[in-house]
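Values quoted throughout were computed directly from the atomic coordinates according to the rules given, and no laboratory measurement underlies them. No experiment lies behind these values; they were computed from the predicted model shown. Heads up, the Cβs are rebuilt from the backbone with ideal geometry, glycines too, and the neighbour counts pull from every protein chain shown.
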Amino acid sequence: MSKIEDVKSLVESGRTKLVAATVQEALDEGNTADNILHAMIDAMRVVGDKFSTGEIFVPEMLVSAKAMSKGVEVLKPHLAGEGTSSLGTCVIGTVQGDLHDIGKNLVAMMLESNGFTIIDLGIDVSPQKFVDSIKENKDVRLVALSGLLTTTMPTMKETVKMLKESGLNGFKVIVGGAPVTEELAAEIGADGFAPDAGSAAVMARKLVA
Amino acid sequence: MLTKKENLMETIKGGNPDRFVNQYEFMDIIMEVPIDPFCEPGKEMKTSWGVTFRWPEGQLGQFPVHDEEHKVLKDITEWKKYVKVPVIKTADEDWAAAVAHAKAIDRKEQFVTVFYNPGIFEMTHHLMGIDDALIAYSEEPEAMHELIDCLTEFELAFAKEIVNRVHPEAIFHHDDWGTQRSSFMSPAMFDEFILPAYEQIYGYYKDHGVELIVHHCDSYAANLVPSMIKMGIDIWQGVMTTNNTPELIKKYGKQITFMGDIDSGVVDFPGWNKEIIAREVERACRNCGKLYFIPCLTQGLNLSSFPGVYEAVSEAIDKINKEGLR
């Protein structure tokens, strides 16, 4: 098995303590940083699919994301300043009035692992803060809104409305969270919906393609 | 007509209940044992373990705070350095209110029930944040086993005080193990870490006069039901509709009873109304039947987030008990 295949396998299985050294070995073997990065992105896509189908659970996904992040640290000096981003910037946050963060964090990790640069605004984020963040950051191509409480669905709707009426463009809006359905997403004017972190990565790639 | 207690026993043993058990009616819940209190709305508090909770204005509950300043356990491999086990209160005055409450309960009608929170899994993520905790279960299993042993030892010592002083017939114990759609961890990981802790804790209660273990977990956890049975849970409270409750009753009803199937998120919101509640109660009762099932909000106590909802659900169940299903 080539070192690049080893890297892929280590990310998939979440071997956080081994991946950095193996990425270095893959570089030493003559693989380009870009190829190694894409092998890791492919691994995370597999992880996302397995999570969506219930084959793996949150801990396995978290350690895979952590493994990838350790590998990216080794690659960074070799990536000519491009970082991991090839899909643009994603602004993500839990909408105002809601303090839940695990779903949002998982989606952020999956999107980052799939090639987005992540601007994580955290929890309880006002509609205006999302708009400001698009203005303040370069190449924002995706805005991801999370909400777990039925009581914060009106705020999610208000946030989508403000984003769409902001006069800013070049980005799509994806929404998710326990009470969010595909129907609700369409009703409030979002461009995409995903029921879990693995599907969010698939939908995000589709939206910015 | 059976008493509330008799009707409950007929329900969970697959006998002849004469009506649906109505939500929490069979338990008189003692909240006064000296565990950490809940944070009050709009305030912040620190638990005896050093965990900071906030309940921001307008929110539906309290949240643990896990920024770098407030996170208690910053490195699982050094948990002994960070985790300070609190001293259990053993003065008579600390337990007086709970003891008095227990004495005032009509044991023929209701189970003398002690409330305990948080559970073992919740304690692990309260101490370090859920992302760190779930990674630690995967990456540092030895340290996690040690931490869980420590938490279990504390809970067993507390359980000893509870049984010696309050003599409860039931325990109502919280520990959420999943999200709406999935358990946080795989059944295999759950069986490695969480099951052994609860086999000890619930086993201790059962060995010391407790008849009923009622466990609250308002999430998807259908994949954990075999483990719940092994650890001695009699009633899983908080079962959400995403678990397919009728299917669970069919598969496991003789070993465990399911309490819930009326998702709080669907009926307990600012614009609630009695029509939605009647529809959801009717659906739950019709689909699940009287045996091995207790219609109830998935909320983890006999109350609701918005005034009137809990009572309206009880009224709707009463109506079905009097008039039958339509």
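With both bridge residues required to lie in the protein assembly as shown, what share of the DSSP beta bridges run antiparallel, to the nearest 5%?
So the antiparallel bridges in the protein assembly as shown amount to around 10 percent.
Which GluC sites (Glu not before Pro) in region A:105-170 sit in a loop by DSSP (not H, G, I, E or B) and have at most 12 other Cβ atoms within 10 Å of their own Cβ?
For GluC sites (Glu not before Pro) across region A:105-170 that sit outside H, G, I, E and B with at most 12 neighbouring Cβ atoms in 10 Å, the list reads A:GLU165.
Using only Cα positions of region A:3-78, each an equal point scatterer, no hydration layer, compute I(q)/I(0) via Debye at q = 0.15 Å⁻¹ and quote the log10 values to two decimals.
-0.42
So what is the relative contact order of region B:193-312, in percent, for Cα pairs below 8 Å that sit 6 or more residues apart? Please list the in-between numbers first.
On the way: 174 pairs, mean separation 29.3, N = 120.
Reported relative contact order: 24 percent.
In degrees from 0 to 90, rounded to the nearest 10, what is the angle of the helix B:130-139 Cα long axis to the longest principal axis of chain B?
70
Under a Cβ-Cβ cut-off of 10 Å, what is the net charge of the residues other than B:GLN200 that fall near it, where Lys and Arg count +1 and Asp and Glu count -1?
-4
So how do B:118-125, A:28-35 stack up, highest first, on mean other-Cβ count within 10 Å?
Working: B:118-125: 22.8, A:28-35: 13.1.
Averaged packing, sorted descending, gives the order B:118-125, A:28-35.
Could you list, bin by bin from short to long, the percent of Cα-Cα pairs of region B:256-326 in 5 Å steps?
Reading the bins upward from 0: 3, 18, 32, 26, 15, 6, 1.
Could you pull out the trypsin sites (Lys or Arg not before Pro) across region A:11-90 that fall in loop regions by DSSP (anything but H, G, I, E, B) with no more than 16 other Cβ atoms inside 10 Å? Let's see the in-between values first.
On the way: sites: A:ARG15, A:LYS17, A:ARG45, A:LYS50, A:LYS66, A:LYS70; in loops: A:ARG15, A:LYS17.
Passing sites in region A:11-90 are A:LYS17.
In degrees, nearest 10, range 0 to 90: what is the angle between the Cα axis of helix B:274-288 and the longest Cα principal axis of chain B?
Relative to chain B, helix B:274-288 is tipped by roughly 90 degrees.
When each pair of different Cα atoms in region A:66-209 is counted once in the 1/r mean, what is the Kirkwood radius in angstroms, to one decimal?
Details: mean 1/r = 0.0664 Å⁻¹.
Its Kirkwood hydrodynamic radius stands at 15.1 Å.
Please compute the contact order of region A:3-78 in relative form: average sequence separation of alpha-carbon pairs under 8 Å and at least six residues apart, divided by the residue count, as a percent.
45
Could you tell me whether region A:28-117 comes out rounded, prolate or oblate from its Cα gyration tensor? Rule is a ≥ b ≥ c as square roots of the eigenvalues, rounded for a/c under 1.5, then prolate if a/b exceeds b/c, otherwise oblate.
oblate
Check cross-link reach from B:LYS274 to the aspartates and glutamates: straight Cα distance under 13 Å, and skip same-chain residues fewer than eight apart.
Correct list for B:LYS274: B:GLU282, B:GLU311, B:GLU315.
Checking the a/c ratio against 1.5 first, then a/b against b/c, what shape does the Cα gyration tensor give for region B:1-159?
Because a/c hits 1.5 or more and a/b exceeds b/c, region B:1-159 counts as prolate.
Beyond 19 Å between alpha-carbons counts as too far, so tell me which of A:LYS66/A:LYS138; A:LYS135/A:LYS164; A:LYS66/B:LYS81; B:LYS46/B:LYS71; A:LYS17/B:LYS71; B:LYS13/B:LYS250 fall in that bin.
Those over the limit are A:LYS66/A:LYS138; A:LYS66/B:LYS81; A:LYS17/B:LYS71.
Which net charge results for the neighbourhood of A:ILE174, defined as the other residues with beta-carbon distances under 14 angstrom from its beta-carbon, given Lys and Arg at +1 and Asp and Glu at -1?
The answer is +3.
Any idea how far the Cα center of region B:1-55 sits from the one of region B:138-206, in Å?
17
Can you run phi through the Karplus equation (6.51, -1.76, 1.60; θ = phi - 60°) for region B:23-31 and list ³J(HN,Hα) in whole Hz, with x for Gly and Pro?
6, 8, 4, 7, 10, 9, 8, 8, 9
Once amide H atoms are built 1.01 Å from N in the peptide plane, which residues 5 or more positions from B:ILE294, or in another chain, come under 5 Å H to H?
Close amide H contacts, sequence-distant or interchain: B:PHE258, B:MET259, B:GLY260.
Just for chain B, what percent of DSSP beta bridges are antiparallel, to the closest 5?
Percentage antiparallel, nearest 5: 20.
Please list, by residue number, every one of the GluC sites (Glu not before Pro) in region B:190-272 that is coil in DSSP and has at most 15 other beta-carbon atoms within 10 Å.
Details: sites: B:GLU192, B:GLU199, B:GLU211, B:GLU247; in loops: B:GLU211.
Sparse-neighbourhood loop GluC sites (Glu not before Pro): B:GLU211.
Express the relative contact order of chain A as a whole percentage, based on alpha carbon pairs under 8 Å and six or more residues apart in sequence.
For chain A, the relative contact order is 20 percent.
When a/c reaches 1.5 or more, the comparison of a/b and b/c decides; with that in mind, is region A:127-209 rounded, prolate or oblate per its Cα gyration tensor?
Because a/c hits 1.5 or more and a/b fails to exceed b/c, region A:127-209 counts as oblate.
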